[in-house]
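Here's the structure we're looking at; comments come further down.
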Amino acid sequence: MAAATATPISVSSHCCSSSSSANYSNSSSIGFHQNPYKFLFPAVFPKRNVSLQSKVNPFSNVVLMQDGGLAATVGGVENEKAPWKKLKEENADLSVVKSTVSITVVGASGDLAKKKIFPALFALYYEDCLPEHFTIFGYARSKMTDAELRNMVSKTLTCRIDKRENCGEKMEQFLKRCFYHSGQYDSQENFVELDKKLREHEAGRVSNRLFYLSIPPNIFVDAVKCASLSASASAGWTRVIVEKPFGRDSESSAALTKSLKQYLDEDQIFRIDHYLGKELVENLSVLRFSNLIFEPLWSRQYIRNVQLIFSEDFGTEGRGGYFDHYGIIRDIMQNHLLQILALFAMETPVSLDAEDIRNEKVKVLRSMRPLQIEDVMIGQYKSHTNGGMSYPGYTDDKTVPKDSLTPTFAAAALFIDNARWDGVPFLMKAGKALHNRRAEIRVQFRHVPGNLYNRNFGSDLEQATNELVIRVQPDEAIYLKINNKVPGLGMRLDRSNLNLLYKARYSKEIPDAYERLVLDAMEGERRLFIRSDELDAAWALFSPVLKELEEKKKTPEYYPYGSRGPIGAHYLAARYNVKWGDLGVHE
C-alpha cells in the first residue's frame, strides 16, 4: 500500500479544536511508520482554515493548505517562532493541489451511527470544523439509497443554539455530502466498489480517509481487513476509529489488538472511549495543573479518598442480549471510570503531547494493586412497583437468560501503590436502574487536625469534610464544599458550595463528546484515545477478578429498580472508613 505524504493541521476561527497541543503523526496505509512532528503557532490565527503539512523531515518539505487545498512542495523552512507567517508570505508562489477527507461510517444503519456519529459530523460541519472538501459515506448490509440514508440521518440532526437561523440551509448542504453503499463487512469486493465511489467523489484530490467502525466487535477484524486492503487512501492518511468493547478480558483484547495490527499500524488505530471526550473530563487536567491551589493538595497527605460514580436511571430496555455478555464492570468500570481515574491520578506529564500524557496514564495503571474479589461487590436490579408504576427486573428482559448472574451494579475499592497515592482508597461504583442519572468524581479531603470547631459539628465529623465534586453529567459543574459561619449572633456553622455551574457561567452549548473525538481523529490528535499498552494494563487489573466471579458463579445482591443500589456497596465503603458522597440529603 502506498505511504502517506502529509497530515493536515487545521485551524479555524470558528471551530476551536479540543487539542491544546497536538501530536500530528502521519498515519497512512498499512505497514507505514512515521515519526510525529509538532508545529507551534501564535495565539492569533487568520480567519480562514489553514493547515500545515510536512514529510518525514519536518522542515525539508513544507506545504500550505488553505480552504482544504494541499500545496505543492517548496523549499525548506527554517525553525522560527511562527513558521506559518513565512509560509503566508510565500503563498503567492505556491501552486495549490486540493485535498479531501472521506469519512465512512461502517454500520451506518445502527443506533450509534444514527444517534451519535452523524449528528456529531453535522455539528462539526455546522461549526465550520470540517474541511472545504469532504464526503461522508454510510456503509452497512442494509439495502438503502442515498435519499433513504439522508432521510434517516435528517431525523436526528440538531443545530447549535447560537446559529439556529441558518439551520435548514446548513442541514441541506450537509446531507448533499452524505452517500450510501450497501455491502458485507467481510467482502473485499464490496469494499473495492466503495473505494471506486470514494475516488469518484475525491475527484483527483489528495485523499485522506477515516473509517468509523460502528459495528459489533466480532466483525471488527473482517471490516478492517477489507477496508485496509481494498479502500485505503492511496496518497494521504488512513485512520480507523474502533468502538468499545475492546475484548472482554486480557486474552481476547490482546488477540483483537494483534489481529488489527496485521492490517494497521498502532498510530492508525483510534480506540474511542467517549467519556474521555466529555467536557469535564477534559477539564480535569486544566483544573489540576493550571491552578496553584489544587496541585499541592493532590496527594495522600491531604486527600482521604476519591470516588468515581456512574449511575443510570434506566435498565437494559431490550438490549440485554448484548449487555449480558459483558456486564457493568466491563461496560463501564474497566474503561470509562478507569480512564478517568488514570487522568485524575497521573503525575504531571512532560508536555501536553499525546504520548507524554498517555505515558503517565500507563504508569498509574501499572502501579495499581491487584484487585481482590473481597474488594468487589456486585448487584442486579429486580422488578419494583412504585406509585402504581411497575418496573421490570433485569431477567424480565426477553433477551436475558432467566438464570443470568450478570451484574448490573458493581462497586470496587482500588489502590495505587506509589508515593503520591499510597493508602488512598479509590472507590468506584456503577449501576443501571438506579434512582438518578449521574457521572461524577468526588474528592474527599482529610479532616482538619485539631479543628477548633469540631464541637459545632457534633459527633459527625463527615459534616466538616471538605469535598471537591466534578460533575461530568448531567448539569456539568465543579463545586467545592467548605465550612462557613451562618450570619447571626451565634456561632452556627454551615456547609456551603463554591459552585461553577457550566450552564450558568457559559452561554455556549457544550459540544457532545463524539464531536470532539471525531475531530481529533481527523486531525491526528491521539491524546483522548486509548493506546494498546493502556488497554493491556486496564485488562490486567480487572481480568483476574472477572474470571473469579464467573468461575465461582457469585450471586449478585438484588436491589429494586429505581433504588439507590444494593446495601453491600455501603459495607464495602465502610470497610475503608468512607461514606459515599452522592447519598447525602443535599445530593
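Overview of results
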{"item": "Residue in the range 382-392 that is in contact with a helix residue (DSSP H, G or I) (Cβ under 7 Å, 6 or more places away or on another chain) and part of a loop (DSSP other than H, G, I, E, B) present", "result": "yes"}
{"item": "Any hit, the range 543-553, residues being open to solvent by 60 Å² or more (accessible area, probe 1.4 Å) and touching a Gly at 6+ places or on another chain (Cβ under 8 Å)", "result": "no"}
{"item": "Residue match in the range 360-372 (condition: without any contact (Cβ under 8 Å) to a residue 60 or more places away in the chain, of a type in the set (D, E, K, R) and over 21 Å from SER299 (Cα atoms))", "result": "no"}
{"item": "Residues that are within 28 Å of the chain's Cα centre (by Cα) and basic (Lys, Arg), drawn from the range 530-574", "result": "ARG531, LYS547, ARG564"}
{"item": "Considering residues of the range 164-206 that are among the hydroxyl-bearing types (Ser, Thr, Tyr) and within 28 Å of the chain's Cα centre (by Cα) only, the residue farthest from CYS226 (Cα to Cα)", "result": "TYR180"}
{"item": "So GLU523, is it under 22 Å from the mean Cα position of the chain (by Cα) and more than 25 Å from ALA255 (Cα to Cα)", "result": "yes"}
{"item": "Residues of the range 526-538 that turn out to be assigned to a helix (DSSP H, G or I) and either of a type in the set (A, V, I, L, M) or in contact with a Phe, Trp or Tyr (Cβ under 8 Å, 6 or more places away or on another chain) (or both), as a count", "result": "3"}
{"item": "Residue satisfying all of: in the range 498-541; out of contact with any Leu (no Cβ under 7 Å at 6 or more places or on another chain) and more than 29 Å from LEU124 (Cβ to Cβ); modelled with the lowest pLDDT among these", "result": "ASN499"}
{"item": "Qualifying residue in the range 566-580 (condition: touching a strand residue (DSSP E or B) at 6+ places or on another chain (Cβ under 7 Å), basic (Lys, Arg), part of a loop (DSSP other than H, G, I, E, B) and farther than 19 Å from ARG330 by Cβ)", "result": "no"}
{"item": "Of all residues making up the range 244-266, the number that are open to solvent by 20 Å² or more (accessible area, probe 1.4 Å) and at pLDDT below 90", "result": "2"}
{"item": "Selection within the range 510-524 - in contact with a strand residue (DSSP E or B) (Cβ under 7 Å, 6 or more places away or on another chain) and either surrounded by fewer than 16 Cβ atoms within 10 Å (Cβ to Cβ) or not small (Gly, Ala, Ser) (or both)", "result": "LEU517, MET522, GLU523"}
{"item": "Filtered residue count, the range 489-509, keeping only those that are open to solvent by less than 50 Å² (accessible area, probe 1.4 Å) and part of a loop (DSSP other than H, G, I, E, B)", "result": "1"}
{"item": "Residues of the range 408-441 satisfying the condition of being farther than 12 Å from LEU572 by Cβ and charged (D, E, K, R)", "result": "ASP417, ARG420, ASP422, LYS432, ARG437, ARG438, GLU440"}
{"item": "Helices (runs of 4 or more DSSP H) contained entirely in the range 212-325, each with at least 2 residues that are over 30 Å from THR100 (Cβ atoms)", "result": "250-260, 279-289"}
{"item": "Candidate set from the range 224-240 (those that are among the aliphatic types (A, V, I, L, M) and surrounded by fewer than 23 Cβ atoms within 10 Å (Cβ to Cβ)); member that is nearest to GLN188 (Cα to Cα)", "result": "LEU229"}
{"item": "Odd one out for LYS554 among (1) assigned to a helix (DSSP H, G or I); (2) farther than 30 Å from ILE272 by Cα", "result": "(1)"}
{"item": "Matching residues in the range 402-427 - criterion: being under 18 Å from SER563 (Cα atoms) and not in a loop (DSSP other than H, G, I, E, B)", "result": "PHE409, ALA410, ALA411"}
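The rows are residues; the columns are (1) buried (at least 22 other Cβ atoms within 10 Å of the Cβ); (2) modelled with pLDDT of 90 or more; (3) farther than 18 Å from VAL578 by Cα.
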position: VAL376; (1), (2), (3): yes, yes, no
position: LYS382; (1), (2), (3): no, yes, yes
position: ILE441; (1), (2), (3): yes, yes, no
position: ASN451; (1), (2), (3): no, no, yes
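Residues are listed down the side, and each one gets a yes or a no for (1) outside any helix (DSSP H, G or I); (2) open to solvent by less than 20 Å² (accessible area, probe 1.4 Å); (3) within 22 Å of ILE241 (Cβ to Cβ); (4) free of Cβ contacts under 8 Å to residues at least 12 places away in the same chain:
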{"position": "LEU124", "(1), (2), (3), (4)": "no, yes, yes, no"}
{"position": "CYS129", "(1), (2), (3), (4)": "yes, no, yes, no"}
{"position": "ASN151", "(1), (2), (3), (4)": "no, no, no, yes"}
{"position": "ASN166", "(1), (2), (3), (4)": "no, no, no, yes"}
{"position": "MET171", "(1), (2), (3), (4)": "no, no, no, no"}
{"position": "HIS181", "(1), (2), (3), (4)": "yes, yes, yes, no"}
{"position": "SER207", "(1), (2), (3), (4)": "yes, yes, yes, no"}
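The values are calculated or read from the model by the stated rules, or taken from the named source; none is laboratory data. Just so you know, these numbers come straight off a predicted model, no measurement behind them. Methodologically, a virtual Cβ is constructed for each residue, glycine included, from the backbone with ideal geometry; neighbour enumeration extends over all protein chains shown. Just so you know, the surface numbers come from the protein's heavy atoms only, side chains and all, with ligands and any DNA or RNA stripped out. Shrake-Rupley method; radii C 1.70, N 1.55, O 1.52, S 1.80 Å.
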